[in-house]
1. State whether the residues of segment 271-290 include one that is closer than 26 Å to GLY703 by Cα, surrounded by fewer than 22 Cβ atoms within 10 Å (Cβ to Cβ) and touching an Asp or Glu at 6+ places or on another chain (Cβ under 7 Å).
2. Taking only segment 478-500 into account, find how many residues are part of a loop (DSSP other than H, G, I, E, B) and closer than 29 Å to SER565 by Cβ.
3. For the subset of segment 377-400 comprising residues that are assigned to a helix (DSSP H, G or I) and of a type in the set (Val, Ile, Thr), which member is surrounded by the fewest Cβ atoms within 10 Å (Cβ to Cβ)?
4. Going by the conditions given, is GLU542 assigned to a helix (DSSP H, G or I), without any contact (Cβ under 8 Å) to a residue 12 or more places away in the chain and either touching a strand residue (DSSP E or B) at 6+ places or on another chain (Cβ under 7 Å) or surrounded by fewer than 24 Cβ atoms within 10 Å (Cβ to Cβ) (or both)?
5. Identify all residues within segment 224-273 that are in a loop (DSSP other than H, G, I, E, B) and among the polar types (S, T, N, Q); write none if there are none.
6. Could you tell me whether segment 325-342 includes any residue that is over 28 Å from LYS690 (Cα atoms), assigned to a helix (DSSP H, G or I) and of a type in the set (Phe, Trp, Tyr)?
7. I want to confirm something. Restricting to segment 663-686 and keeping residues that are touching a Cys at 6+ places or on another chain (Cβ under 7 Å) and crowded, with 17+ Cβ neighbours inside 10 Å, which single residue is farthest from PRO606 (Cα to Cα)?
8. Looking for whichever is buried (at least 24 other Cβ atoms within 10 Å of the Cβ) and either within 30 Å of LYS280 (Cα to Cα) or modelled with pLDDT under 95 (or both) here; the options are ILE154, ILE177, ILE159, ILE226. Which one fits?
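The values are calculated or read from the model by the stated rules, or taken from the named source; none is laboratory data. This is a predicted model, so every value here is computed, not measured. Cβ placement follows ideal geometry from the backbone for every residue including glycine, while neighbour counts extend to all protein chains displayed.
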Amino acid sequence: MMKIKALTTKQNQLDQLKIIKRDGRLMDFNDEKIYGALLKAEKKIQGTIDPLTHRKIEKIVEKVDQEIAQRFEKNVKIYEIQSIVEHTLLAQGEYALAEEYINYRTKRDFARSKSTDINFTIGQLLGKDSSVVNENANKDANVFNTQRDLTAGIVGKSIGLKMLPPHVANAHQKGDIHYHDLDYHPYTPMTNCCLIDFKGMLNGGFKIGNADVESPKSIQTATAQISQIIANVASSQYGGCSADRVDELLAPFAKLNYQKHLKDALEWIEGSDKQEAFAKEKTKKDIFDAMQSLEYEINTLFTSNGQTPFTSLGFGLGTDWFEREIQKAIFQIRINGLGSEKRTAIFPKLIFTLKRGLNLRPEDPNYDVKQLAIECATKRMYPDVLSYDKIVELTGSFKVPMGCRSFLQGWQDEFGQEVNVGRMNLGVVTLNLPRIAMEAKGNQETFWQILEERLAVVKDALVYRVERCKEADPSNAPILYMYGAFGKRLKKNQAVDELFKNKRATVSLGYIGLYESAAAFFGGAWENDPQAKKFTLDILKELKAHADNWGDEYGYHFSVYSTPSESLTDRFCRLDTEKFGLVENITDKEYYTNSFHYDVRKNPTPFEKLDFEKDYPKYCSGGFIHYCEYPVLQQNPKALEAVWDYAYDRVGYLGTNTPIDKCYACGFEGDFTPTERGFECPNCGNHDPKTCDVVKRTCGYLGNPQARPMVHGRHKEISARVKHMK
């Protein structure tokens, strides 16, 4: 619809008029928004809209314009416009339309107030509202410490919304953007995810609580210290944490075990060959026991936020005997499973590095480890794999992600030394791309205009995240700032910004729903349309250009991040359904598609999916991952290897989705059936979490949706994905 022009001599005045929004922003007056709101209200009353109705609403808007022009010369507050609309409707005898419009405005105001009303949200928690208790699939809302964390989170969100710049808080509440982790930040100046400097801490010693911990003298002590470090770091931040190159990290401590056993052998055993064989066999068992203890310790840890730490172990580049044994032990332990029922471990996430000349081809020295990795992935979904050369190309240096998918970019210190461990992310703000596409109403020029406006808000939100993180004191999180987790050890009086500035830390511009954004302009089957593909790539190019400019302006690394939107896939879609109704291929699915991923309702081959997605990470190297869907793979590991090999020169980070569910009641192994009450065994109908093991990808990590229900949208997405895996 063309913009309606008021029939008044003061039209130029209207064109200059500014609206004062509730958050204090000044916006150009646009009577199309009045027209759209009235049309929506009329449609709700009548069900359908005819040309006469359009004309009636146009006349009402003309009268509203005339009164605004008569009463206001420069600025007008939003609630004053709403009042004029209401009085105009009543004066025209449009009582039903006035009632619907007033009800809509009241509902919006009520929703806005509820979001900062602690008592209301506490009531939702006590009433077990799924949007509150199931926000995270790896948090068990039945246990006391999680309930306590959820309660504290409600308070934190309420206070946090009031601390945010008003226009940022308003954009978050409306669903234009999502300010992540409001239950922790900005109420506390916590950081997000990190690569822990385990090497510096294990070799240089550290302190936890009242204990000064010295460097370990065995691999068993080293892994015990790693689990304690993880627990404390996870309690001092709100994101995931990773151990980079853990095989190379732990090998020196395994060598201490070997030297001890060799010393014993020299005393009791004759013959150098037997002595070395004895020492190696004993060390091999020590390595296995140490890595098994680490697996159990991580899975039995509960941090202060009521969940198992989101932990990732990266490995695969080590070449000596000790490093290879650590790699093999990690895989064998994961293949064996947890406990007497041999359940799949959810944590730590395993990330195995493929490298040409090391383990990629049969002639490579570590090819046997790759085969073990493939067996592990067919049975336990992990490991995900990194393509060494592609990661260097995309991010500037090699490193594992911080947690599930957040990548640091290559960075050197003042001495020219490359630094990866000890660095961190300061948080994420995600943009609702499908909303912009629907607001544009098929006009790409309008899309880019709205995107520019939203990016201005995102910039303010991200800058606020940085400034808030800088307000922390080293003593707020000693494990991070003073005892080595973040690398350089600060004193109490030093500014934490020493570890953030000069692009050492990242702060992330996230996005969701690239598929839906293109569907708004090109239809739901756009993947093979070059124009549509170019449109989506142009979106990411625009995001990256803005992020790069912000980084140059402020001196922090603003990265573009493909958001792992476990709850956001539901939240944005739900809010947009309220705003736009059911829109084909966008809101009618009840979820939005993660990042740049191929529409999960379709069934491309892994090779087609990789070829489609490979062009995107270049513009979102601050966070990305690809997945491929497979049927049961345990009898066909070569199929998975073929995909890994194909992916090596195309994508940097690849995960495996394959059915690994197991029913202990009847013995079925494969893919459980998604139902309204969760997932159930297709053989016997069992859905009891105590007697079945259901493991699905819920974002960058695995999750158990049977034991810990997930948000509705994520459940719908997984159900769609499972359908096409069969």
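1. No: zero hits.
2. Of all residues in segment 478-500, those part of a loop (DSSP other than H, G, I, E, B) come to 482-495, 500.
Subset that is closer than 29 Å to SER565 by Cβ: 485-486, 500.
Selection size over segment 478-500: 3.
3. To start, the set of residues in segment 377-400 that are assigned to a helix (DSSP H, G or I) comprises 377-380, 388-395.
Of the ones still in play, those that are also of a type in the set (Val, Ile, Thr) are 378, 391-392, 395.
Working: THR378: 22, ILE391: 23, VAL392: 14, THR395: 22.
Only one residue tops the list, namely VAL392.
4. Working: assigned to a helix (DSSP H, G or I): yes; without any contact (Cβ under 8 Å) to a residue 12 or more places away in the chain: no; either touching a strand residue (DSSP E or B) at 6+ places or on another chain (Cβ under 7 Å) or surrounded by fewer than 24 Cβ atoms within 10 Å (Cβ to Cβ) (or both): yes.
When the stated conditions are applied, GLU542 does not pass them.
5. Answer for segment 224-273, where residues must be in a loop (DSSP other than H, G, I, E, B) and among the polar types (S, T, N, Q): just GLN237.
6. no
7. Within segment 663-686, the subset touching a Cys at 6+ places or on another chain (Cβ under 7 Å) is 663-666, 668, 672, 681, 683-684, 686.
Narrowing further to those that are crowded, with 17+ Cβ neighbours inside 10 Å: 663, 668, 672, 681, 686.
Details: CYS663: 28, PHE668: 26, PHE672: 22, CYS681: 26, ASN686: 31 Å.
Among them, the one singled out is ASN686.
8. On the way: ILE154 fails: buried (at least 24 other Cβ atoms within 10 Å of the Cβ); ILE177 fails: either within 30 Å of LYS280 (Cα to Cα) or modelled with pLDDT under 95 (or both); ILE159 fails: buried (at least 24 other Cβ atoms within 10 Å of the Cβ).
From the options ILE154, ILE177, ILE159, ILE226, the qualifying one is ILE226.
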